[in-house]
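A.B. asks: Please see the structure below; I have some questions.
The values are calculated or read from the model by the stated rules, or taken from the named source; none is laboratory data. Bear in mind the structure is a predicted one, so any value in this text is a computation, not a measurement. Positions of Cβ are generated from backbone atoms using ideal geometry, with glycine treated the same way; all protein chains shown enter the neighbour counts.
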């Protein structure tokens, strides 16, 4: 039940659940979840101990990412991305020092052509079994594979492939004239990468595929010369034509809306089949599959509707689909008295489910790519929903790719900075220092690229070929010169480098990046603060502040705490709650805008905004959240974008931010120290009568219920303060409530028992 | 006949050709060659105009190089190299601006998944035919291929893929919210790479294979429990067992010598087959081929002998081989009155034929890899033999690989410098500026790597992981501190960078590298010249000159003209012709040692050395030249190297230097200006009674005959001076002989007619 598949969603979305007592239902769900949680616990640990297929860190991720990103199509045309597509190292060497009490036979599975070296001596052929003698030995397995990443799986009584193996792309081990081997002490060895998805010899990584499940249409309807099929909600997978017979052509036009599916000239995606007496051909040359007369399309698509037209000589009995999904355990939850808010959370969770695939992608219909600015939001929502740490790491590796750096991440300057920021976020939520250390060298070279493009003020400016994105804005936004938004993100990135340098035990780098961050930060206010406008201006050009004020840098400066509390309050009035400043119409930037307001305690106002904005999409019929939405536009206008009538994505990860806002700023739960070893709980009803929910932690969860009189908290790992406001002295079932300034109180939450607080 | 295949060599090596009048035979050969030359002229031009498959420059070379380098085995184990193996760009975009008088249908062949964009609009599917409308258009084809390089072949009436197409790995073309495309003016486009090997749709580059030809053994002999097969000379290819039947195992042990083949415990390469009732299995998992009862091994090997043992249940009727070779036209030639010298040239040419494969490799038995220090000598010999410019370029691309640079070329410091030097050599012999411009960015990043590793004196010193090779020396050689040899090569590399920067029209770089080269050169004498020893010392450690004198830096300083003529003469005595200085026992360094002596006019002494050294190998039974040879060692000692009894390669490219020395310093022909637009001819009999030969030029040849009275010269392109010594005033059939200092004369050679000079 907690496996997040379409059946589950069919039920939660289509049933009226007002009849259920919400709290008891949540308890039931939580119990179910705990059971499953124990069953799947092994699969959730950050570091696994049992054997796994292993590879060079980041390499499988890059290869799989290419496979996924390259499934994008536009009206039957292959549509790969426009930045450098990297490749895995085609030749790598895995090694392990072993010390065996007794001789031991190992089984060896390899993806690639390989050799085995024992104590420096090459062994004949490519054996599938090999006996290691007792004692201390060096075991090396060197693999070449151009088509898919070199990976190995070794299984023995004590010798098994895991993260304790070393791996290099360049061993620099040569033999001189006398037969003496070289000094390899300068060779760079990484810890081998592993995954809980590949724990047996037969799960070779290059064969990895997301699972699918049959799903029926909810409605079939004749329209013009064809048939419109409705699957009831936004979904993703492979169309299946059952009982397909005859000779001629079949056209399939996909739509996230009925308008799109029926508009055969302009819908974004389509398929064409051609049947003759002996075979069915996909005209775009996708690999398809056939079983008897049932024909399954080869390229997965996003749609709710499919419109099918065909030649008279062709017939089919039925149309269904294979729903393709990433199996995720929904560990986070949220319920409250307001069903519109609950629905918002559920549609958000479903949007996350659809956009969490091999990697976190932007949207399922059009791009289907990993985009750094989109991904950092997916990660943050994920920490409040699936806590799928592995997919975060995978996406970070893929977005970074390989050296040399030849462009900003996804070519976008701001996306480079989000890439840095996302790494420290990951550390904060998971406490996984090891990953920071593994990825740190690529952080260095990425930052070298950025530093190599700063101007004489040490600031970044867009150069030709740099995409200065910021946001899909509804009005003119200047992208020239020094944008305050980019400098704020750059500054935070330098701070992130310093923090990660420290984790990677690189003190010289820590000092260097601390200095760079301090220097840049000291320039921000002089460069951009405008005392008349009481705000940071949008940009500076030729050393001159420009007139425009936008929300972006102002809201980031607020929650990065880059400005004094006084200036933050000024900004709240002059920018954030000022309707004359260009409004944000993407959930992408609304994410940060509402976060900034929440950080300043404006939960009530934000609740109103959320109900207006996300509630608005739901009232327009959304079954997943959109790429862009303007509460003023009604009807089908919302379908157009990028100059195309159906360009807009109706299932876009960045649409799901209520997941994050409700978890972090209403349940009020977040890590204070890495991996929730210390947490903060500062719940805020923000106008709701009651709320309850769960926030996952690396190996546990924090559960909270709150109404206007009581707060109940259970934390299965870590400790931290529950902070709340009460008019009178509150009572706690356990622990000592401390009074802070004003009406604020705090209570230390420790141990796994439920703590109940009464307040007013 | 001039196709350089085994049949030809069988004849030239095994027949006694003293009966032929050498000069008339040469004339005949030359006529034959000219005929063939015309036939193959198209295949020899540096830039082709007809359509070809195209790819990203260097990418196919890297991919094919990996395929070739990874065929190395050691006693049945896969043996790939120990430096980074690079990959092609897996996603590239080809583009072409077209302007058509009429609509035109093109045929499209692609290796990879692709799309077509016309004027920015994606087209459906992956069509094999496409109609381009009349008028001006942009045509883009974007291809993804992980397993093999993305390549395309377009054939139309006027639109055809050739070097005028552009290609990029990162187009940076995005579409903004309004549908507007980005400014791609900063995108880096290269000229597409082409090859004369891939001129039709069915010759797709990834299918490329060297041709083979059946070859019979010359002798079969029972030895111990098996049979020793002799193919009469060093050769390369696939063993074929004819009439193979039964059940059991067959073992094949290869040898360049009978000793090696018979030593089943220590021979360097071997194969094992296992036969059961239904199939034959190669136990090292090579892909093999079978036709009826004839079984051909899957992995090519170098050998003269193969020793076969088998189980009693197995039988075979005969053993033959498929000789695998690179088709080359032998455009250079040399003959003289001394048959030992002729034989040296022929064995050298055969050594070159065997080691010139997909790329120029070091030796055919063991490494079978591209090695920069070996390759630069292959290139130089090649300019006097095949003039195969394409294989030079391919090898240069492969040796360089991709950015980032993570080690010296082949991990060897000196080999990095030879890589730079080889590029300017290539320019000098071919005049191909375009290649210099294409490869220049990779020269920059390679030099950045070197400059990033210099010490406080601006000199290079070996760091951990750097292989300071110099030579396989017979005695101790210090590799610590600043080696004079490495600084001399480094200095020449900086000069090369300046020259190539100029060709690449990068004046800032030219100035920068000129300065660096001047600075380093000014430090060489103060650092290394020892007035007592009248020589450059081998190295400096902690700022102190060390005692050892070696030949290496001294001989390079001579022919780089880094020292005054006085010091050069001192070195000749104190080092080059001084037997107390450690002798060189590799043909590798003998190449430069003898070149230095020739450059100082010591052709007679060098002829004696050549007859002693290369003549010595021939007298030991060599049918191709060896990796290392010491004229003192006799018998089978010469087989051992690297601590292994048969470690030494008996067919090593660097063994073939007589080809180069005879062409450049006896025929005396070399380019003065790029591509032989101006040449120099300074023939020197060096003790021979007469000599004659041909030196190829980019589109022609220079033919020379000389005896003690006459010199005959024909040059089909370029012009230049014939310089010679005569006791009395010489006469010329054409042109005016000018007198120079002493007995020296010169005559300008121009036009295609033969010029005859009488001298004394």
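A.B. asks: Which of the residues spanning segment B:136-149 are within 12 Å of chain A (Cβ to nearest Cβ) and not in a loop (DSSP other than H, G, I, E, B)?
C.D. replies: B:140, B:141, B:142, B:143, B:144
A.B. asks: If I go through segment B:71-80 residue by residue, how many of them are under 26 Å from the mean Cα position of the chain (by Cα) and facing another protein chain (nearest Cβ under 8 Å)?
C.D. replies: 4
A.B. asks: If you don't mind, there's one more thing I want to ask. Quick one: in segment B:102-135, of everything that is touching a residue at least 40 places away in the same chain (Cβ under 8 Å) and surrounded by fewer than 19 Cβ atoms within 10 Å (Cβ to Cβ), which residue is nearest to the other protein chains (Cβ to nearest Cβ)?
C.D. replies: B:120
A.B. asks: Would you call residue A:624 in contact (Cβ under 8 Å) with a residue 24 or more places away in the chain, more than 14 Å from chain B (Cβ to nearest Cβ) and not in a helix (DSSP H, G or I)?
C.D. replies: Yes: the conditions hold for residue A:624.
A.B. asks: Restricting to segment A:188-223, count the residues that are within 18 Å of residue A:303 (Cβ to Cβ) and touching a residue at least 24 places away in the same chain (Cβ under 8 Å).
C.D. replies: The total comes to 9.
A.B. asks: Can you tell me which of (1) closer than 20 Å to residue B:622 by Cα; (2) assigned to a loop (DSSP other than H, G, I, E, B) is the one residue B:264 doesn't meet?
C.D. replies: In the conditions (1) closer than 20 Å to residue B:622 by Cα; (2) assigned to a loop (DSSP other than H, G, I, E, B), residue B:264 misses (1) alone.
A.B. asks: Looking for whichever is closer than 29 Å to residue A:56 by Cβ and assigned by TED's automatic domain parsing to the domain that holds residue B:65 here; the options are B:179, B:112. Which one fits?
C.D. replies: Result of the check over B:179, B:112: B:112.
A.B. asks: Within segment B:265-274, does at least one residue satisfy the condition of being within 14 Å of chain A (Cβ to nearest Cβ), buried (at least 20 other Cβ atoms within 10 Å of the Cβ) and touching a helix residue (DSSP H, G or I) at 6+ places or on another chain (Cβ under 6 Å)?
C.D. replies: Scanning segment B:265-274 turns up at least one residue that is within 14 Å of chain A (Cβ to nearest Cβ), buried (at least 20 other Cβ atoms within 10 Å of the Cβ) and touching a helix residue (DSSP H, G or I) at 6+ places or on another chain (Cβ under 6 Å).
A.B. asks: How many of the residues making up segment A:184-225 are surrounded by fewer than 12 Cβ atoms within 10 Å (Cβ to Cβ) and within 14 Å of chain B (Cβ to nearest Cβ)?
C.D. replies: Within segment A:184-225, residues that are surrounded by fewer than 12 Cβ atoms within 10 Å (Cβ to Cβ) and within 14 Å of chain B (Cβ to nearest Cβ) number 1.
A.B. asks: Additional query: Hey, any hits in segment B:608-618 for a residue that's outside the structural domain of residue B:495 (by TED's automatic domain parsing), in a loop (DSSP other than H, G, I, E, B) and in contact with a helix residue (DSSP H, G or I) (Cβ under 9 Å, 6 or more places away or on another chain)?
C.D. replies: Checked against the condition, which is being outside the structural domain of residue B:495 (by TED's automatic domain parsing), in a loop (DSSP other than H, G, I, E, B) and in contact with a helix residue (DSSP H, G or I) (Cβ under 9 Å, 6 or more places away or on another chain), segment B:608-618 yields no hits at all.
A.B. asks: Suppose we filter segment B:169-183 for residues that are more than 7 Å from every other protein chain (Cβ to nearest Cβ) and either part of a loop (DSSP other than H, G, I, E, B) or surrounded by 16 or more Cβ atoms within 10 Å (Cβ to Cβ) (or both); how many remain?
C.D. replies: Qualifying residue count, segment B:169-183: 2.
A.B. asks: Within segment A:450-467, does at least one residue satisfy the condition of being part of a helix (DSSP H, G or I), under 27 Å from the mean Cα position of the chain (by Cα), assigned by TED's automatic domain parsing to the domain that holds residue A:417 and at pLDDT 95 or above?
C.D. replies: Yes, segment A:450-467 contains at least one residue that is part of a helix (DSSP H, G or I), under 27 Å from the mean Cα position of the chain (by Cα), assigned by TED's automatic domain parsing to the domain that holds residue A:417 and at pLDDT 95 or above.
A.B. asks: Given the structure, is residue B:153 at the interface with chain A (Cβ under 7 Å from one of its Cβ atoms), buried (at least 18 other Cβ atoms within 10 Å of the Cβ) and under 25 Å from residue B:65 (Cβ atoms)?
C.D. replies: Criteria not met by residue B:153.
A.B. asks: Sticking with this one: Just to check your reading of the model, which residue among A:425, A:414 is within 30 Å of residue A:680 (Cα to Cα), assigned to a helix (DSSP H, G or I), modelled with pLDDT of 95 or more and within 16 Å of the chain's Cα centre (by Cα)?
C.D. replies: Only one candidate passes the filter, namely A:425.
A.B. asks: Another question about this same structure. Since residue A:253 meets every condition but one in (1) surrounded by 21 or more Cβ atoms within 10 Å (Cβ to Cβ); (2) in contact with a helix residue (DSSP H, G or I) (Cβ under 8 Å, 6 or more places away or on another chain); (3) within 14 Å of chain B (Cβ to nearest Cβ); (4) in contact (Cβ under 8 Å) with a residue 60 or more places away in the chain, which condition does it not meet?
C.D. replies: (4) is the only condition that residue A:253 fails.
A.B. asks: Given the structure, is residue B:683 modelled with pLDDT of 95 or more, touching a strand residue (DSSP E or B) at 6+ places or on another chain (Cβ under 6 Å) and not in a strand (DSSP E or B)?
C.D. replies: Taking the combined requirement at face value, the residue satisfies it.
A.B. asks: Just to confirm my filter: which helices (runs of 4 or more DSSP H) fall fully inside segment B:501-593 and include at least 3 residues that are closer than 30 Å to residue B:625 by Cα and touching a strand residue (DSSP E or B) at 6+ places or on another chain (Cβ under 7 Å)?
C.D. replies: Here the list reads B:551-559.
A.B. asks: Can you spot a residue in segment B:332-352 that is away from chain A (no Cβ under 14 Å), crowded, with 24+ Cβ neighbours inside 10 Å, under 20 Å from residue B:79 (Cα atoms) and touching a residue at least 12 places away in the same chain (Cβ under 8 Å)?
C.D. replies: No, segment B:332-352 has no match at all.
A.B. asks: So residue B:303 ticks every box in (1) in a strand (DSSP E or B); (2) touching a helix residue (DSSP H, G or I) at 6+ places or on another chain (Cβ under 6 Å) but one. Which box is left unticked?
C.D. replies: (2)
Matching residues to (1) at pLDDT below 95; (2) closer than 26 Å to residue B:399 by Cα; (3) not in a loop (DSSP other than H, G, I, E, B):
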site: B:309; (1), (2), (3): no, no, yes
site: B:344; (1), (2), (3): no, no, yes
site: B:353; (1), (2), (3): no, yes, yes
site: B:358; (1), (2), (3): no, yes, no
site: B:366; (1), (2), (3): yes, yes, no
site: B:370; (1), (2), (3): no, yes, no
site: B:376; (1), (2), (3): no, yes, yes
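A.B. asks: Scan segment B:285-296 for residues that are surrounded by 16 or more Cβ atoms within 10 Å (Cβ to Cβ) and either touching a strand residue (DSSP E or B) at 6+ places or on another chain (Cβ under 7 Å) or not in a loop (DSSP other than H, G, I, E, B) (or both) and report the count.
C.D. replies: Going through segment B:285-296 one residue at a time, the tally reaches 4.
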